[in-house]
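J.: Pasting in a structure now, in structure tokens, and then I'll have a few things to ask.
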Amino acid sequence: MVIFFRKKDLEVELSPGLQRLKLKTGDNLLASALDHGIKWPYLCRVGSCGTCRCKLIKGKISPEIDFENVLNQAQLKDGYILACKSSVKTDLVVEVTLRNET
Ligand code: FES
């Protein structure tokens, strides 16, 4: 699943449907997705389990913790982030496997 987040009138596109979200700079990525009913995988919500990881395809986030504590070097190099500890900075394109896709 590829999800497109746009910061202004934030848009989250879920194939095959389309869902629109409103986010502001600084909003938490996981909390915002869950608030809008997206079945994003998560467990701890404190940046320790890695379940919420997703691939940042485009855009910028502010990490709220050091992702190296949870993600390995290959994942970091591939652009993986932890949604539960990411603050939105710009429009985003994110790839994640949703709970109903597994
Ligand atoms: S939910 Fe555990 S690291 Fe994000």
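J.: Could you grab me the full set of residues in the range 87-102 that are touching a Leu at 6+ places or on another chain (Cβ under 7 Å) and farther than 12 Å from Lys55 by Cβ?
T.: Val88
J.: Tell me which residues, restricted to the range 56-101, are of a type in the set (Asp, Glu), under 19 Å from Leu34 (Cβ atoms) and within 14 Å of the ligand (Cβ to nearest atom).
T.: Glu64
J.: Take the range 39-55 and flag every residue that is near the ligand (Cβ under 6 Å from one of its atoms) and farther than 14 Å from Tyr80 by Cβ.
T.: Matches in the range 39-55: Tyr42, Leu43, Cys44, Arg45, Ser48.
J.: Okay, moving on. Scanning for something in a loop (DSSP other than H, G, I, E, B) and farther than 18 Å from Ala31 by Cβ, does the range 93-100 turn up at least one residue?
T.: Yes: the range 93-100 contains one or more residues that are in a loop (DSSP other than H, G, I, E, B) and farther than 18 Å from Ala31 by Cβ.
J.: Same structure again: Working only within the range 68-88, note down all residues that are surrounded by 14 or more Cβ atoms within 10 Å (Cβ to Cβ) and under 13 Å from the mean Cα position of the chain (by Cα).
T.: Tyr80, Ile81, Leu82, Ala83, Cys84, Lys85, Ser86, Ser87, Val88
J.: A further question on this structure: Yes or no: Asp66 of a type in the set (Asp, Glu) and within 21 Å of Leu23 (Cβ to Cβ)?
T.: No: the conditions fail for Asp66.
Values in this text are rule-based calculations from the coordinates and carry no lab data. What you see is a predicted model, and the numbers here were worked out from it, not measured in a lab. Don't worry about glycine lacking a Cβ; one is built from the backbone with ideal geometry, like all the others, and counts go over all protein chains shown.
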